[in-house]
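*Asks:* Let me begin by handing over the structure; questions about it come next.
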Amino acid sequence: MSNMDIIHLARLIPAQSKKLGNELVMRYRDYTNGKWKGITWNEFNVSVNYAAKAMIEYGILENDQVGVFSPNRPECLIIDFALFSNRAVGVPMYATSTTTQIEYMVNDAGIQLLFVGDQYQYDRAYEALKTCYSLKQIVIIDTDVRLAISDHESMYFKDFIQTGVLSKADQELAERRIRAEEGDFANILYTSGTTGEPKGVILTHSMLLETLRVHDIKLKVFGPHEVSMCFLPMNHVFEKAWDCFCLARGIRIDINLKPSDIQMTLREVHPTCMCSVPRFWEKIYNGIQDKVKSYPLPVRLLFKRSLKTGKRHNLDYLRNGFRPPFWNRFAYFVYNHTLYRMIKETLGLENGTIFPVAGAKLSDDLSVFFHSLGFPIIYGYGLTESTATVSAYDMTSFSIGTVGSIVEGLQVKIGSDNEILLKGKTITPGYYMKPDATATAFTPDGFFRTGDAGMLDKNGHLIITDRIKDLFKTSNGKYIAPQLIETVLCEDRYIDMVAVIGNEFKYVTALIVPDFPEIPELAKSLGIESKEMKNILADERMYVFYEMRIRSIQKNMAGFEQIKKFTLLTVPFSMEKGELTNTLKIRRKIVAEHYKSLIDAMY
């Protein structure tokens, strides 16, 4: 059973304020003096109420959609809970979204009010005003943002809040909070589809509340003074659900405002918990290995020996419910208070209670490595459509090579093509205003199709074996729709075929088959004298030419979708070699095998 009172998010902050009062709910770095600034539960509650009343003054009705287009900031949580308090629906957007992407989401959701964070977001939003007829008001969080000369409509968040201070809408706000129900929409989270048209995943309050309940049952490790580092984007379902869990549990959230500052931030905060993607731990692993390589040989040998001791202690014994023998306990104690402690303190991660990791594949080797060192990594699997977690490691009895056990109350079955199918209270009712896409996403008996292939082992732990759907994720947890990118690139006269690569890699690359009849004339115009196709395509001038064209073609795509490196192929993909289907679709797995050396060279 859950130990936590499950309170509707519309009423959570006033309830926690009454209970926790002057305790800190969150902190953030003030970059004017470099010091961390705290916000108490009482202050948070007051700000949420002012923002909620200001929304009423600006005509936000129950069930209206409101956009939030900002990097991580305390104001994002204030806005979220002000929306929940009003029974309104938050539509969060990635801070790196392009104008085209913002236009689509604003128009699709009929957004009237859009909150933006910094200059980049304001500039994109102001451009979008021209084609977004529903959009009436932009509210800017950062007061350093410079407004366009012709902009007389936008306002700063501090002035928006002042409207709430002067508002007399207390009674209306109180009544909306009372009317708030579990079936209300909480958020619409847009994800990229393989056709390139994003789909708005509906998250209801009942989904979020069930997520809080099942995580409180699964995670039994928390003490009274936990600190969560908010590092992933707040609009990502993983971070969003985790932040709600932290607020419901009374765990303080320290917000990392700038992703590039995370290493400095960790050393200042020393968090006990933090959501992250595998790429974060890959970087940590590489950093540790580089550090160890700089040590004298005796220390390197000692570190290698310590890993064997840690593996036996944490994975062979404790994970399986056994008490380690005395000499193993003693050796681990020594390492844990010397070598391991030094490594963790250098990173700012020595206080770890739980570090959830999801969003892409975490290698088994890394999982073993970090558990041997005593890092409490909880590896899991989930989707936006499942309110994040489907399965995750338990604190003990987890199996390396799996993504853990299924959360309580969620039904999982394996369908045709070994597809993982889901049913339960955390599963979305569908996609906003897309009945056809919603119908396609569910089986006739009501199970959600994940598009991922997998199996359950004898202990009921989930194993992900492959991706059925073409959509893939980078190791940073970003979804990529390769067909969209390929279709756009193939419109170029000098490109015949493209295979976009990036599944579980840190960035997107491509194998490009040029339009060979165009090449001789192109080579001549670039001053390339060779007549051999191999030599022409290997010439640096040819690479630069293609690089400039690709950059121009992709200028309206998000940064994580853009091709960072590519290889020009001297022969086309073929059906004979199994690289193309009969309808000329790329067989990605075969292409990845045939061109493994070229792909590896790009990473």
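The values are calculated or read from the model by the stated rules, or taken from the named source; none is laboratory data. The structure displayed is predicted, hence computed values, not measured ones. Neighbour counts are summed over all protein chains in view; Cβ atoms, including those assigned to glycine, are modelled from backbone coordinates with ideal geometry.
*Asks:* Any idea which of Glu75, Glu127 is closer than 19 Å to Gln162 by Cβ and of a type in the set (Asp, Glu)?
*Replies:* Glu75
*Asks:* Looking at region 457-485, which of its residues are out of contact with any helix residue (DSSP H, G or I) (no Cβ under 9 Å at 6 or more places or on another chain) and modelled with pLDDT of 75 or more?
*Replies:* Asp457, Lys458, Asn459, Gly460, His461, Leu462, Ile463, Ile464, Lys473
*Asks:* Quick check on region 63-76. Is at least one of its residues among the hydrophobic types (A, V, I, L, M, F, W, C), assigned by TED's automatic domain parsing to the domain that holds Ser260 and surrounded by fewer than 23 Cβ atoms within 10 Å (Cβ to Cβ)?
*Replies:* Checked against the condition, which is being among the hydrophobic types (A, V, I, L, M, F, W, C), assigned by TED's automatic domain parsing to the domain that holds Ser260 and surrounded by fewer than 23 Cβ atoms within 10 Å (Cβ to Cβ), region 63-76 yields no hits at all.
*Asks:* On to the next question. Give all pairs with beta carbons closer than 8 Å in which a residue from region 564-577 that is without any contact (Cβ under 8 Å) to a residue 24 or more places away in the chain meets a residue that is loosely packed, with under 15 Cβ neighbours inside 10 Å and among the polar types (S, T, N, Q); count only pairs at least 6 apart in sequence or on separate chains.
*Replies:* Met575/Thr581; Met575/Asn582
*Asks:* I would also like to ask the following. Which ones in region 472-523 are small (Gly, Ala, Ser), touching a residue at least 60 places away in the same chain (Cβ under 8 Å) and in a strand (DSSP E or B)?
*Replies:* Ala499
*Asks:* Could I ask something else about it? If I ask for residues that are surrounded by 18 or more Cβ atoms within 10 Å (Cβ to Cβ) and of a type in the set (Ser, Thr, Tyr), which ones from region 370-398 would you list?
*Replies:* Passing the criteria: Ser372, Tyr379, Tyr381, Thr384, Ser386, Thr387, Thr389, Ser391, Tyr393.
*Asks:* Given the residues Asp142, Asp108, Asp184, Asp159, which is the only one that is modelled with pLDDT of 95 or more, in contact with an Asp or Glu (Cβ under 6 Å, 6 or more places away or on another chain) and either of a type in the set (Asp, Glu) or surrounded by fewer than 18 Cβ atoms within 10 Å (Cβ to Cβ) (or both)?
*Replies:* So the residue among Asp142, Asp108, Asp184, Asp159 that is modelled with pLDDT of 95 or more, in contact with an Asp or Glu (Cβ under 6 Å, 6 or more places away or on another chain) and either of a type in the set (Asp, Glu) or surrounded by fewer than 18 Cβ atoms within 10 Å (Cβ to Cβ) (or both) is Asp142.
*Asks:* Do we have Ile140 as assigned by TED's automatic domain parsing to the domain that holds Gly38, within 30 Å of Ala558 (Cβ to Cβ) and without any contact (Cβ under 8 Å) to a residue 60 or more places away in the chain here?
*Replies:* yes
*Asks:* From Thr443, Thr438, Thr474, Thr487, grab the single residue that is closer than 22 Å to Phe238 by Cβ and not aliphatic (A, V, I, L, M).
*Replies:* Exactly one residue qualifies, and that residue is Thr474.
*Asks:* Tell me whether region 226-238 contains one or more residues that are assigned by TED's automatic domain parsing to the domain that holds Gly117, touching a His at 6+ places or on another chain (Cβ under 7 Å), modelled with pLDDT of 95 or more and crowded, with 18+ Cβ neighbours inside 10 Å.
*Replies:* Within region 226-238, not a single residue is assigned by TED's automatic domain parsing to the domain that holds Gly117, touching a His at 6+ places or on another chain (Cβ under 7 Å), modelled with pLDDT of 95 or more and crowded, with 18+ Cβ neighbours inside 10 Å.
*Asks:* A further question on this structure: Answer with yes or no whether Phe238 is farther than 30 Å from Ile406 by Cβ, in contact (Cβ under 8 Å) with a residue 24 or more places away in the chain and either not in a helix (DSSP H, G or I) or not basic (Lys, Arg) (or both).
*Replies:* No; evaluated as a whole, the condition is false for this residue.
*Asks:* For region 1-118, which fully contained helices (runs of 4 or more DSSP H) count at least 3 residues that are more than 26 Å from the chain's Cα centre (by Cα) and touching a residue at least 40 places away in the same chain (Cβ under 8 Å)?
*Replies:* Correct list: 9-20, 41-57.
*Asks:* Being of a type in the set (D, E, K, R) and either over 22 Å from Leu77 (Cβ atoms) or touching a Lys or Arg at 6+ places or on another chain (Cβ under 7 Å) (or both) is the filter here, so list the residues in region 133-169 that pass it.
*Replies:* Lys136, Arg146, Asp151, Glu153, Lys168
Rundown of residues vs (1) surrounded by 13 or more Cβ atoms within 10 Å (Cβ to Cβ); (2) assigned to a helix (DSSP H, G or I); (3) among the hydrophobic types (A, V, I, L, M, F, W, C), yes/no style:
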{"site": "Gly287", "(1), (2), (3)": "yes, yes, no"}
{"site": "Asp290", "(1), (2), (3)": "no, yes, no"}
{"site": "Lys304", "(1), (2), (3)": "no, yes, no"}
{"site": "Gly310", "(1), (2), (3)": "yes, yes, no"}
{"site": "Leu315", "(1), (2), (3)": "yes, yes, yes"}
{"site": "Arg319", "(1), (2), (3)": "yes, yes, no"}
{"site": "Arg323", "(1), (2), (3)": "no, no, no"}
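*Asks:* Something else: Quick check on region 49-69. Is at least one of its residues within 23 Å of Glu226 (Cα to Cα) and either modelled with pLDDT of 95 or more or in contact with a His (Cβ under 6 Å, 6 or more places away or on another chain) (or both)?
*Replies:* Checked against the condition, which is being within 23 Å of Glu226 (Cα to Cα) and either modelled with pLDDT of 95 or more or in contact with a His (Cβ under 6 Å, 6 or more places away or on another chain) (or both), region 49-69 yields no hits at all.
*Asks:* Another question, then. Restricting attention to strands (runs of 3 or more DSSP E) lying wholly within region 399-468, give those where 3 or more residues are of a type in the set (Val, Ile, Thr).
*Replies:* Here the list reads 462-467.
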